[in-house]
Structures are given as C-alpha cells and as structure tokens.
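The values are calculated or read from the model by the stated rules, or taken from the named source; none is laboratory data. Predicted, not measured: the structure shown is a model, and the values here were computed from it. With ideal geometry, Cβ positions are generated from the backbone for all residues, glycine too; neighbour counts draw on all protein chains shown.
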C-alpha cells in the first residue's frame with residue numbers, strides 16, 4: 001500500500017509540474033532551439049511507429065556516445081533491427097541523429113506522467129527497452145511492466161551518494177528498480193549498489209566507453225590544428241561551472257612564471273572546452289575578463305587555426321561533437337568536473353585518443369575508471385588546479401614523458417573492451433528472435 005501511494009503521489013506531482021516543465025523547455029529553447037521542436041512528443045504524442053523496435057533511451061550527449069558501440073553490435077547480431085532512439089537533451093538528440101539507420105525513429109522521451117508514458121508505449125510498442133546508465137523513471141518502468149515490455153539498464157552505474165538518495169525515496173524507487181528485467185553494471189561495486197537499491201537481476205558487463213572508437217577524421221583534424229604550433233597544448237576537457245575562475249587564476253599564475261614579458265609564443269596554449277554549449281559565451285567573457293587573449297574554434301571553421309589563433313593564449317572549444325579532435329590536438333588534458341565536487345567526466349575517451357589526464361579529487365561518478373587509469377599511468381590525481389596546471393605543463397613540455405604517458409593511456413583504453421558484445425547478447429536473450437523486425 002505504501003508503494004502504491006508513493007507512485008500515485010508521484011504521478012499527481014508530475015502532472016502538476018507539466019506546465020512548469022514545458023515553460024522550462026521554452027526557456028532553454030531560446031539558447032538551444034532544438035528544445036522547442038516536437039514538443040508534443042514530451043506528452044507522448046507524435047508519429048505512430050511499427051511495433052517491434054528496440055527502444056534505447058540515451059538522455060544526453062555522453063550516454064548517446066556510449067550507446068554507439070552497443071547499437072553497432074546489436075545491428076551485427078540482428079541485421080533486421082529497427083531502433084527507436086529517445087533523448088532528454090538537445091545535445092543527445094543531435095548526436096543521436098547520426099546513429100539512425102533505415103527504418104529507425106527518433107523522438108523525445110515523454111515527461112514521466114502516467115498518461116504520457118502510456119501513450120508513448122501504446123504508439124510505439126517496442127520489443128525491448130534499454131535505459132542508459134542511471135535513467136530510472138518510476139512511471140516509465142511501471143507502464144513498461146504493465147505493457148509487458150522488458151527493460152534493461154545498460155552500462156549501469158550507481159554511486160554511494162545516489163544510493164543514499166535512492167534509499168530516501170525507497171517506497172517510490174525500489175519498485176521501479178525491481179521492475180527492471182536486468183541491470184548490466186559497469187563494476188562489481190555498481191552491481192552491489194544496484195541490488196541494494198532494489199534491482200533483482202544485476203551483473204557486471206563492463207563499461208561501453210571502452211568500446212568507443214574515436215573517428216579517424218576527427219583525430220586527423222585535431223592533429224592538424226596543433227601541427228602549426230611551436231608550443232604545447234593543455235586541454236581543459238568538458239569544463240564545468242564552478243571550475244572556470246580557479247582554472248583561469250591558475251593559468252595566469254603559470255603564465256606569469258613562464259613568460260613574465262607576456263609573450264604567448266613562449267608558453268603553453270590552453271584549449272578550454274565547456275561541458276555545456278549554453279556556457280560558451282559566458283566562458284568566453286570570463287577568459288577575456290581575466291586578461292587573456294582568446295580565439296574561438298568556431299571562428300576558423302574548416303580552414304584550421306590561422307596566425308591570430310596560433311598567438312592566442314586561450315582557444316575556446318565552442319563546437320559540438322569534436323571532443324576526439326580536441327584530445328588529439330592536446331598534449332595533456334585536465335579532467336572537467338573533478339576539480340569541484342561534481343563527480344568528474346569520462347576519462348576513457350581521452351585515453352582512447354592517447355591523451356594523458358590530470359584529475360582532481362572529485363571523481364565519484366567514475367571512481368573505478370579513475371583509479372585504474374591512475375594505476376596504469378594514464379592519469380594522475382592532483383589536489384587542486386594550481387598543482388594540476390603546473391604538472392600538466394611540465395608533462396606537455398617533455399616529449400619523452402609525454403610519449404610514455406600517451407602509450408600508457410592507449411594501453412589502458414584497450415584493456416577492458418568487449419562490454420558491447422556482452423550487453424547485446426544478454427539483451428537479445430530477453431526477446432524472441434522474431435520480435436525485432
């Protein structure tokens with residue numbers, strides 16, 4: 001009874017919040033227009049598709065990228081597969097468009113209300129649902145169970161902090177977790193925490209990010225950007241709000257030590273890539289306000305950086321989908337989200353591109369990956385940004401040390417491949433061979 005009341009109260013609350021959530025989408029669409037498209041899909045409407053597709057939900061850009069190797073293997077195992085791809089963010093939807101094949105469909109995941117989720121499942125009738133990483137929505141899972149759609153949590157992870165939060169809302173979230181047909185966890189610790197949260201079937205399958213393949217054309221583009229430089233490049237990768245000012249302070253202090261006369265050609269170049277596109281202009285203003293010369297990636301287009309860019313102190317990576325190029329351009333990277341209590345970002349992509357990483361003390365979102373990268377010599381942990389900037393510049397300026405660290409990063413990225421094959425096989429066993437058409 002307690003669980004039923006919790007689900008009922010949650011449904012009522014979500015219905016009441018619908019106007020607020022739609023206004024929020026409209027507000028975000030002012031900066032990212034894609035949020036203003038196909039709004040009816042957020043309510044479970046939109047085109048009706050042919051039943052039997054595999055439905056995969058990748059909320060944002062990181063989850064969509066991680067899903068790519070899984071989709072690739074699913075198509076190899078079931079060439080007739082049709083994909084229903086859903087997202088929650090504009091960056092996720094934009095990246096997901098490149099993963100679509102003939103007969104596939106893409107739309108927004110509806111808001112988690114009873115009516116919207118029922119309409120969504122009734123209009124698409126998928127053979128299987130796949131949620132990426134941490135996407136556990138109570139009404140979604142309840143309605144999927146009612147519609148007899150098995151749902152898998154893929155590349156699943158659950159931190160200690162998230163587990164504590166889940167247990168606070170146990171009456172609501174435990175039944176949702178228990179309704180999952182399977183959770184394929186990144187690590188044994190994740191699997192254990194998922195079981196404690198209520199998942200009945202949780203096992204380790206590895207991390208899909210190890211199976212990602214950096215596009216060769218992007219790697220070549222990044223290498224060409226740095227080819228005309230006579231100084232090393234330090235990348236601030238997927239930089240988060242709250243880390244900007246400390247980074248710029250640390251960078252200015254380093255410049256003052258290395259080139260008191262202010263000659264940028266004698267100092268490392270900072271390549272700063274914000275995590276979220278809505279922050280591009282804000283970060284640009286902060287860089288200029290810090291007294292540093294700035295050139296934006298968007299200003300040079302396909303031609304590559306010109307003479308003005310080569311003399312700048314900071315490049316702003318204000319583009320989407322080019323992270324492998326930024327890693328290939330850099331000699332070393334600072335890991336965004338790890339120098340403030342934000343949990344860190346994916347460092348496996350950096351390793352796959354041969355870019356060694358310096359990270360802060362906050363990597364709880366990727367704790368095992370960070371620990372193993374550090375043990376392999378692909379990453380180094382620093383107490384603060386002053387230490388990280390100093391150490392990164394020292395490594396970037398030593399060709400021998402940089403070559404060793406780059407090789408260690410690539411070796412680390414190769415050691416745990418195979419998660420996509422493991423997950424795809426487990427998923428397809430949940431549905432009949434004739435269900436996916």
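Things worth noting here:
- Qualifying residue in the range 384-395 (condition: assigned to a loop (DSSP other than H, G, I, E, B) and not assigned by TED's automatic domain parsing to the domain that holds residue 185): yes
- Residue in the range 119-127 that is within 23 Å of residue 422 (Cβ to Cβ), assigned by TED's automatic domain parsing to the domain that holds residue 51 and either surrounded by 23 or more Cβ atoms within 10 Å (Cβ to Cβ) or at pLDDT below 95 (or both) present: yes
- Of the residues making up the range 355-369, those that are surrounded by 24 or more Cβ atoms within 10 Å (Cβ to Cβ) and either closer than 14 Å to residue 159 by Cα or touching a residue at least 40 places away in the same chain (Cβ under 8 Å) (or both) number 6.
- Residue in the range 71-84 that is more than 20 Å from the chain's Cα centre (by Cα), assigned to a helix (DSSP H, G or I) and within 30 Å of residue 172 (Cα to Cα) present: no
- Scan the range 315-359 for residues that are closer than 23 Å to residue 380 by Cα and touching a helix residue (DSSP H, G or I) at 6+ places or on another chain (Cβ under 7 Å) and the total you get is 28.
- Flag if residue 234 is assigned by TED's automatic domain parsing to the domain that holds residue 279, in contact (Cβ under 8 Å) with a residue 24 or more places away in the chain and either closer than 16 Å to residue 297 by Cα or assigned to a loop (DSSP other than H, G, I, E, B) (or both): yes
- Every condition in (1) more than 19 Å from residue 385 (Cα to Cα); (2) free of Cβ contacts under 8 Å to residues at least 40 places away in the same chain; (3) assigned to a loop (DSSP other than H, G, I, E, B) is met by residue 282 except one, and the failing one is (3).
- When residue 213 is tested against (1) in a helix (DSSP H, G or I); (2) touching a residue at least 12 places away in the same chain (Cβ under 8 Å); (3) out of contact with any strand residue (DSSP E or B) (no Cβ under 9 Å at 6 or more places or on another chain), just one condition goes unmet, and that condition is (1).
- In the set 297, 285, 275, only one residue is surrounded by 17 or more Cβ atoms within 10 Å (Cβ to Cβ), closer than 20 Å to residue 32 by Cβ and at pLDDT 95 or above; that residue is 297.
- Checking each residue in the range 324-348 for being surrounded by fewer than 19 Cβ atoms within 10 Å (Cβ to Cβ) and within 13 Å of the chain's Cα centre (by Cα) picks out only 343.
- Checked against the criterion of being under 22 Å from residue 118 (Cβ atoms), in the same structural domain as residue 424 (by TED's automatic domain parsing) and at pLDDT 95 or above, the candidates 141, 182 yield just one match: 141.
- Being buried (at least 16 other Cβ atoms within 10 Å of the Cβ), outside the structural domain of residue 64 (by TED's automatic domain parsing), modelled with pLDDT under 95 and assigned to a loop (DSSP other than H, G, I, E, B) is a description that does not apply to residue 260.
- Residues that are in contact with a strand residue (DSSP E or B) (Cβ under 7 Å, 6 or more places away or on another chain), part of a helix (DSSP H, G or I) and farther than 22 Å from residue 142 by Cβ, drawn from the range 1-58: none
- Some residue of the range 315-323 being assigned by TED's automatic domain parsing to the domain that holds residue 258, surrounded by 17 or more Cβ atoms within 10 Å (Cβ to Cβ), more than 24 Å from the chain's Cα centre (by Cα) and under 19 Å from residue 267 (Cα atoms): no
- No other residue among 60, 40 is within 17 Å of residue 109 (Cβ to Cβ) and either without any contact (Cβ under 8 Å) to a residue 24 or more places away in the chain or over 22 Å from the mean Cα position of the chain (by Cα) (or both) apart from 40.
- Residue 55 vs. criteria surrounded by 13 or more Cβ atoms within 10 Å (Cβ to Cβ) and not assigned by TED's automatic domain parsing to the domain that holds residue 277: yes
- The lone exception for residue 333 - which of (1) touching a strand residue (DSSP E or B) at 6+ places or on another chain (Cβ under 6 Å); (2) modelled with pLDDT under 95 it fails: (2)
- For the range 196-214, the candidate set comprises residues that are within 13 Å of residue 153 (Cα to Cα) and within 15 Å of the chain's Cα centre (by Cα); within that set, the residue that is surrounded by the most Cβ atoms within 10 Å (Cβ to Cβ) is 208.
- Across the range 90-109, the qualifying residues are those that are in contact (Cβ under 8 Å) with a residue 40 or more places away in the chain and touching a helix residue (DSSP H, G or I) at 6+ places or on another chain (Cβ under 7 Å), and the one among them that is nearest to residue 324 (Cα to Cα) is 95.
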